[in-house]
Amino acid sequence: MSSLLVLIATLPLMTALACLLHPRGGDQLSLVASMIQLVASVLLVTELPSRSSLSHALGGWAPGLGIALGADPLAGWLVLLCALVQFATTLYARFYFCDSQARYRLWPLWWLLASALYALLLSGDLFNLYVTLELLGLSAAALCTVGAAKAEALEAALRYLLLGLIGSLLYLAGVALVYAEYGTLDVSALRTLISSSPASLASLVLLSSGLMIKCALVPLHFWLPAAHSSAPAPVSAVLSALVVKVAFYLLLRLWFELFTPVVTSAFATLIGLLGAIAVIWGSWQAFRATRLKLLAAYSTLSQMGYLFMFVPIVMALPEGDTRQFAYGALLLLAVSHGIAKAALFMGIGSLQQHLGHDEIDRLGGSARKLPVTLFAISLAGVALVGLPPSGAFLAKWALISSSLVSGQWWWMLVTLVGTLLAAAYLVRVLGAAFAPTAAAEPALPTCRLALQQPALLLAVLATFGLGFAASPVWDTLSLSPPEVQR
Amino acid sequence: MSTNAWLPLLILWSSLVPGLIIFSLDESRQRLRTALNLIGAITKLLLVAGLIWGVYRELLFEFRWTLAPGLDFVLHADALSVLFVSLSTLLWLVTTIYAIGYLEHSPDRSRFFGFFSLCVTATVGLAMAGNLFTFVIFYEALTLATYPLVAHKGTPEAIRGARIYLGYTLAGGVLLLTGAVWLRTLAGPLDFAQGGILGDIPGLDPDALRWIFLLLVAGLGVKAALFPLHGWLPRAMVAPAPVSALLHAVAVVKAGAFGIVRVVYDVYGVEFSGELGVLMPLGALAAFTIIYGSVRALSQDHLKKRLAYSTVSQVSYIALGATILGPLATIGGLVHLVHQGVMKITLFFAAGNYAETLGVHRVSEMNGVGRRMPVTTAAFTVAALGMIGLPPVAGFFSKWYLGLGALEAGAGAWVIPVLLASSALNAAYFLPILYRAWFLPAGPWPLENHTHHRGETRPSLQWPPMVTAALAVLVGTFAAAPFSPLEWVELIATREYR
Amino acid sequence: MMLWWVVDLTLCALMIALAAGSLFAATLRRRVIFFIAFGLLTAIVWARLQAPDLALAEAAIGAGLTGALLLAALPTAQPTEHKRDADRLIEWVSLLLAALLAVVLIAVLTTLLPVVDGDPSLAVTARLSDAGVSHPVTAVLLNFRAWDTLLELAVLLCATIGVLNLAPARKAPRHAGALADTLIRILLPLLILTAGYLLWNGAFAPGGAFQAGAVLAAATVVLHLGGGVRLPPFSLAQLRGLLALGLLLFLSVGLVQLAFGQALLQYPLAWAGSLILLIETGATLSIATMLSLVYLGGHPLRDWPVAGDSRDREI
Amino acid sequence: MFSPGELITALLLLSAIVVFAAGTLALLRLPDPLCRLHALTKIDNLGFGLLAAGLALIQPTWIDGLKLLAIWTLILCSSTTNGYLIAHHCVWESRR
Amino acid sequence: MEQAQLMFAATGALIFVFGLVAGLRDDSLLGRIIAINISGVGLFLLLVALAYRGLCQAADPIPHALVLTGIVVAVAASGLAIAIGRKLDELRNSSHRREGDSS
């Protein structure tokens, strides 16, 4: 079954090369490749429960010397998330860029970003993670510049690139310290080796700060709103849903598997505090945003804040199934936010392409002209806010109950305030969209239906799919809780 | 999954599936949309009839689906839920007919009827919820389904009213969620059970339980329009008549009251909550709301606002009934759930007819409306008299049982005066309308459309109020009949007090 | 052996001085010059620290290419930076912060060094015999950690495509005179010869795909600076082929092994050496193309990525 | 006690150091860029020549010695061209 | 042998930190690219110092491979940044020129 890992890791690279060599075939090839990738990741997730984790030693060398591709349930679910969002956004990008020249420019970079995502999720070597992080940062920045004619889009991409580089350098410094102290770069070996010493504390701080720049935690988040809101819609969908999430996945690996002896409760509480600030500040800025894409970018900031708030709670919970429940909820929130945010950005993209702008106050009457997109946006909004039918509601329920069980009740307050603020900015958008058409708006042709279906597909999945079929997340996770593998 | 498990699910789907199909229909498919609506309503009615018959014979109807470890989505049909399900299903059929007539030429009807059926699905789901977790899911889903209905017209004040409505209900939802989660962490899975579950769980800290009760009742009180949280109800009257009829007389408001009944009887257990001493403040608040609602209704000139404030006061009867220990008060409170629904919906239908045919929105414009539209005004009169509490109509019985229950529980000293005062106030704000409608000469109607109708207005607008008025009288006179609401409530009461 | 610490001390002092110069010098032009000097000095330091591969790469890529890129990107109109006092305060605070962090990092390093025990290179030298190449660094790069190098090629490809998508190539500077032409006529064959030598030598001694590719890219830079003598007219398809060659070869060789039931990127013992050489040649050509395109700042051809049907012609 | 080879190497290296010192001094002291070019091209080339010759003598195999001399010839070519280009640029700059 | 390793590692760390802070603070594009490249070289110096095993012994090849990869990645990133910067100036100048003409 380890050849499945190889397929998932190498297929995007091969597609990127194919799209580079034969641009005209890019459209069909991308659709077919994303479908194969989706099927492969579903197989991976279904395969995982029977064996705690799959691994494939590259080049046949033992992990100490060579690099091993590995996947455990946490990585498996995120691979599925990436494949799903990738499939929908590829379908959407196919129709979003009407100018074929822009599409031919997009596809190679698109698939290099995808290969970075999958290589990162499957990699089991610290330095290999540095190279994938770099590929991720570069391809994301390059994608932001595709089809960007305005100066501020390029400026945002540039700032994103430079901050990404600084983040990667910090990460590499951490890797250097780990290598100096323990002599190996392999994650599974380090899991048992790392003990608390000044050097490993320094490397933890370096690694974490590098990755926190990449997933835009509050003090280091200034690049995200500009970058995500000025990029074209399918790109910002992938950026918000996946790139930020994958950086968080690495942080999870570090905090909960590698550096568990080094991570003190003070460190975890600091992380939780930063997450809480991100939740409140992100939702407040989203509420005051005037443009839809800016609103969505700020809501990414606040949703990532929730994930960070989970950290001190999971850290405080004792071993056993309450911790398992919280860890599963963390994963469910990450997956459901990824899907819902991608749907939201695609919906906003269709709106922008249809109306020519994305100011919230001039959205009047779009509900009548684009019913499918508005329905997708409201469903995605429901999933983002965490209202009942959605998986995020289960995750929020788990967040509140585990914050009470772990005795840190203040996280519950932040969650409630965050939910209300999120509901506020969602209502603001829907209210504007349902309003009657202002006379000044020119009657524009209704958008091609194909452009609206991917958003609806993902939105429905985020609300009803994850709402009712979320229990497998806990089943697979409970089979091999990360801590027990020690 | 025994066959019984599918019945609650089928009841849910019978309005969910037509709703989703209607969403995808475009505007012009008028006939198909009406057909779908009616088929959905009728199948649901038949299914509910089967359910009533099954529950009467003590059959177990339960659908369980685990969403997450320790969190199950449970649909469980017991006597109490069947009462609310049958009420909302019956009135949904009548209101759908009324809505089809009312929205004859207005735009966005597919969107309206889609959300309309989603809203009823949420109400029915809420009624059949088997544990507090499922109840919270449907409680919030109800908020989401009703927001677009209130904002349907798209006018600035409609959107503002809807935003205020959403603000209140979401805040309430969050409070309910917190209480439910806190209780869940303390007391484990909260499946509703006759006579309450918290009583026999040892080692629960009473203070925490009091805080949780406060959170739960505050969350539910928003929808049940208890005193400080009722602000949204009058403003939500901006919605079209069928919406304010079904939602603010039956679905939304009753969901809150039903929630309070569930919490008091099936989570805490009425004896246990009595020991905790939480019932007294809730009872006082309910009584105050009854008086406050009626007083505010006096000064409202806008007809629908006056009806809204009367709803605020009437719903608190149910809360009052729940807080008085003793089966008789319970019967009074619960049966009022049905009676008030039937009577209030007639009033809203009538108000909708006046607005639609004559353009009459204010009480001051209703001079001589009885001569112009005798049938609708007759229905209005019957319902109004029932609200005041005159015998043949249903309203009398609930007040009667409430009074008896209060006497039996020894709390008669303050409950009886409240009942009498509220009846007097009801009379004070309903009788002038009746006097103005029947005895004053008719003035020029603001919107006299001399269309071709033989009767007062379109048949689909005229028949619903007559049916519901007749229903109110029938329920009143045949209260002792085997399947009447009163009999059914007595069945519930006997099971609650084990 | 006493003298070596004098050399080390001067090297470190020079490194810090040049780094400070290139970070805090007044004008941008001076900072770039400092940076190039710093690059050359780093090459010497790598040589001192027994890392000849890195010295080659640093001289060719670090100082050479990046320096040339920065010089070419220097804006002609030089805005004079006037430092407001607020900036000065921020500068001081950041310097203080940097000093503090440096001290902490160095303190941590003292607890780690000297790194002797648990020498990972033993693992490498032990398995060197069946790695197909005798030079340890090339063995690690192309056999033990081949996946890293493959992804690194993808990074370079991604940057190149990003640059190509953005803009047409930089205009060649005006003709630099006859003397420059003679120098180019001397340098060009030498550069190509050394590139070939480095590529071949990679298996036994310091060298390899990256260094060879960088030297070839340097040849393009020299050609460009020498007045833009007509670059070989690549067609779009050839350009794309060259770009994708390295990664394609690497991937296909790796996947072919999979067909034989071995792991990804595992070379059969007998053919390991020749397979690695094949991959290295492919990699050298694409690295050379990619680095020179990155230096040229775009595509020298009329319309990227597809000729003909594009409505919006670039140039 | 020194074999003749070592003696000559030491002599060559010492002279190389002296020449380099003079070149650096000239670079710092001379007023305008054109004069300083002399220091850069002529004196440094001579210094490097001496250095290369000195080192070539003590190399283990004669091939390495040849390599050093080859390096020296390359430096000669490139520094002359650089000198010419910089001078050309300075003159063009001053005339503008 | 230890002093050399520590000396170079310390220099590397110093350059890495100062380069990083200058990279965060600087505002001109080229300045930030230079700063990031310098902090990269500082970090690589730290890595190679760790790999140093004495004057004539063979050093540990793994950090060398890592640093080689790092150098290539650094030049790729700088190239892309400069290209974006060049397109940005082009857009800004053309927009100024357009404003210039139209006003």
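Conditions (1) surrounded by fewer than 24 Cβ atoms within 10 Å (Cβ to Cβ); (2) assigned to a helix (DSSP H, G or I), marked per residue:
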| position | (1), (2) |
| --- | --- |
| B:296 | yes, yes |
| B:300 | yes, no |
| B:317 | no, yes |
| B:321 | no, yes |
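Does segment D:41-59 contain any residue that is in a loop (DSSP other than H, G, I, E, B) and of a type outside the set (Lys, Arg)? Don't jump to the end; show me each part of the working.
Looking only at segment D:41-59, we keep the residues that are in a loop (DSSP other than H, G, I, E, B), and these are D:59.
If we keep only those that are of a type outside the set (Lys, Arg) too, we end up with D:59.
Yes, there is a match, as at least one residue in segment D:41-59 is in a loop (DSSP other than H, G, I, E, B) and of a type outside the set (Lys, Arg).
Which of the residues spanning segment B:65-87 are of a type in the set (Gly, Ala, Ser) and free of Cβ contacts under 8 Å to residues at least 12 places away in the same chain? Full working, then the answer.
If we filter segment B:65-87 for residues that are of a type in the set (Gly, Ala, Ser), which is where we start, we get B:68, B:70, B:77, B:79, B:81, B:86.
Across segment B:65-87, the qualifying residue is only B:68.
Scanning for something in contact (Cβ under 8 Å) with a residue 24 or more places away in the chain and in contact with a Cys (Cβ under 6 Å, 6 or more places away or on another chain), does segment A:152-163 turn up at least one residue? Steps first, please.
Start the filter on segment A:152-163 by keeping residues that are in contact (Cβ under 8 Å) with a residue 24 or more places away in the chain, which leaves A:152-153, A:155-157, A:159-161, A:163.
Still in the list and also in contact with a Cys (Cβ under 6 Å, 6 or more places away or on another chain): A:157.
Checked segment A:152-163: at least one residue is in contact (Cβ under 8 Å) with a residue 24 or more places away in the chain and in contact with a Cys (Cβ under 6 Å, 6 or more places away or on another chain).
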- Residue match in segment A:380-394 (condition: polar (S, T, N, Q) and closer than 14 Å to residue B:144 by Cα): yes
- Task: Check segment E:84-100 and report whether any residue there is more than 7 Å from every other protein chain (Cβ to nearest Cβ) and among the basic types (Lys, Arg).
- Result: yes
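Quick check, is residue A:120 surrounded by 24 or more Cβ atoms within 10 Å (Cβ to Cβ), under 21 Å from the mean Cα position of the chain (by Cα), more than 8 Å from chain C (Cβ to nearest Cβ) and touching a residue at least 60 places away in the same chain (Cβ under 8 Å)? Outline the logic, then answer.
Details: surrounded by 24 or more Cβ atoms within 10 Å (Cβ to Cβ): yes; under 21 Å from the mean Cα position of the chain (by Cα): yes; more than 8 Å from chain C (Cβ to nearest Cβ): yes; touching a residue at least 60 places away in the same chain (Cβ under 8 Å): yes.
Yes; evaluated as a whole, the condition is true for this residue.
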- Across segment D:77-96, the tally of residues that are surrounded by fewer than 14 Cβ atoms within 10 Å (Cβ to Cβ) and assigned to a helix (DSSP H, G or I) stands at 7
- Meets criteria (surrounded by fewer than 24 Cβ atoms within 10 Å (Cβ to Cβ), more than 7 Å from every other protein chain (Cβ to nearest Cβ) and either assigned to a helix (DSSP H, G or I) or among the small types (Gly, Ala, Ser) (or both)) for residue E:54: yes
- Can you tell which of A:203, A:168, A:188 is assigned to a helix (DSSP H, G or I), among the polar types (S, T, N, Q) and more than 13 Å from every other protein chain (Cβ to nearest Cβ)? A:188
- Would you check if there is a residue in segment C:50-71 being crowded, with 20+ Cβ neighbours inside 10 Å, within 17 Å of residue E:75 (Cα to Cα), at the interface with chain E (Cβ under 7 Å from one of its Cβ atoms) and at pLDDT below 85? yes
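Taking residue A:68 as the residue in question, decide whether it is among the hydrophobic types (A, V, I, L, M, F, W, C) and within 14 Å of another protein chain (Cβ to nearest Cβ).
yes
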- Message: Criterion first (surrounded by 15 or more Cβ atoms within 10 Å (Cβ to Cβ), modelled with pLDDT under 90 and within 14 Å of chain A (Cβ to nearest Cβ)) does residue C:201 satisfy it?
- Response: no
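If only one of E:66, E:88, E:20, E:45 is over 21 Å from the mean Cα position of the chain (by Cα) and either within 28 Å of residue C:206 (Cβ to Cβ) or in a helix (DSSP H, G or I) (or both), which one is it?
Numbers: E:66 fails: over 21 Å from the mean Cα position of the chain (by Cα); E:20 fails: over 21 Å from the mean Cα position of the chain (by Cα); E:45 fails: over 21 Å from the mean Cα position of the chain (by Cα).
The match here is E:88.
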- Message: Just to check your reading of the model, which residue among B:419, B:404, B:390 is in a loop (DSSP other than H, G, I, E, B) and out of contact with any Cys (no Cβ under 9 Å at 6 or more places or on another chain)?
- Response: B:390
- Message: I'm checking my understanding of the structure. Among residues of segment B:17-34 that are in a helix (DSSP H, G or I) and in contact with a Gly (Cβ under 9 Å, 6 or more places away or on another chain), which one is farthest from residue B:86 (Cα to Cα)?
- Response: B:24
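So which residues in segment B:171-209 are charged (D, E, K, R) and either away from chain A (no Cβ under 11 Å) or within 26 Å of the chain's Cα centre (by Cα) (or both), if there are any at all? Spell out the reasoning first.
Let us first name the residues in segment B:171-209 that are charged (D, E, K, R), namely B:184, B:191, B:200, B:205, B:207.
Within segment B:171-209, B:191, B:200, B:205, B:207 meet the criteria.
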- Message: Among the residues of segment A:371-387, are any more than 27 Å from residue B:188 (Cβ to Cβ), at the interface with chain B (Cβ under 9 Å from one of its Cβ atoms) and either free of Cβ contacts under 8 Å to residues at least 40 places away in the same chain or out of contact with any Leu (no Cβ under 7 Å at 6 or more places or on another chain) (or both)?
- Response: yes
- Item | Criterion (outside any helix (DSSP H, G or I) and at pLDDT below 90) met by exactly one of B:199, B:195 | B:195
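Name every residue in segment A:148-165 that is surrounded by 22 or more Cβ atoms within 10 Å (Cβ to Cβ) and more than 7 Å from every other protein chain (Cβ to nearest Cβ), in order of residue number. Break it down into steps so the answer makes sense when it comes.
Here is the first cut: in segment A:148-165, the residues surrounded by 22 or more Cβ atoms within 10 Å (Cβ to Cβ) are A:148, A:153-154, A:156-158, A:160-165.
Selection gives A:148, A:153, A:156, A:160, A:163, A:164.
Restricting attention to segment A:122-143, does a residue exist that is of a type in the set (S, T, N, Q) and outside any helix (DSSP H, G or I)?
First, pick out the residues of segment A:122-143 that are of a type in the set (S, T, N, Q): A:123, A:128, A:132, A:139.
From the residues that got through so far, the ones that are outside any helix (DSSP H, G or I) too are A:123.
Yes: segment A:122-143 contains one or more residues that are of a type in the set (S, T, N, Q) and outside any helix (DSSP H, G or I).
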- Item | Matching residues in segment E:9-31 - criterion: being surrounded by fewer than 24 Cβ atoms within 10 Å (Cβ to Cβ), at the interface with another protein chain (Cβ under 7 Å from one of its Cβ atoms) and not aliphatic (A, V, I, L, M) | E:25, E:28, E:31
- Say we look at segment C:182-197 and pick out the residues that are more than 7 Å from every other protein chain (Cβ to nearest Cβ) and of a type in the set (A, V, I, L, M, F, W, C); which of these is surrounded by the fewest Cβ atoms within 10 Å (Cβ to Cβ)? C:193
- Within segment B:135-170, count every residue that is in a helix (DSSP H, G or I), more than 20 Å from the chain's Cα centre (by Cα) and at the interface with chain A (Cβ under 7 Å from one of its Cβ atoms). 2
- Task: Could you please find all residues in segment C:149-181 being surrounded by fewer than 24 Cβ atoms within 10 Å (Cβ to Cβ), of a type in the set (A, V, I, L, M, F, W, C) and more than 7 Å from every other protein chain (Cβ to nearest Cβ)?
- Result: C:169, C:172, C:178
- Item | Any hit, segment C:130-138, residues being within 14 Å of chain A (Cβ to nearest Cβ), among the charged types (D, E, K, R) and over 17 Å from the mean Cα position of the chain (by Cα) | yes
- Item | Test set (1) within 7 Å of chain C (Cβ to nearest Cβ); (2) in a helix (DSSP H, G or I); (3) within 25 Å of residue C:138 (Cβ to Cβ) - residue E:59 fails condition number | (2)
- Just one of (1) basic (Lys, Arg); (2) buried (at least 22 other Cβ atoms within 10 Å of the Cβ); (3) away from chain A (no Cβ under 14 Å) trips up residue C:145, so point out which. (3)
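Does residue A:45 fit the bill of being touching a helix residue (DSSP H, G or I) at 6+ places or on another chain (Cβ under 9 Å), of a type outside the set (D, E, K, R) and away from chain C (no Cβ under 14 Å)?
Working: touching a helix residue (DSSP H, G or I) at 6+ places or on another chain (Cβ under 9 Å): yes; of a type outside the set (D, E, K, R): yes; away from chain C (no Cβ under 14 Å): yes.
The answer is yes for residue A:45.
The values are calculated or read from the model by the stated rules, or taken from the named source; none is laboratory data. Note that the coordinates shown come from a computational prediction; the quantities given were computed from them, not determined experimentally. Ideal geometry is used to build each Cβ from the backbone, glycine not excepted, and the neighbour counts take in all protein chains shown.
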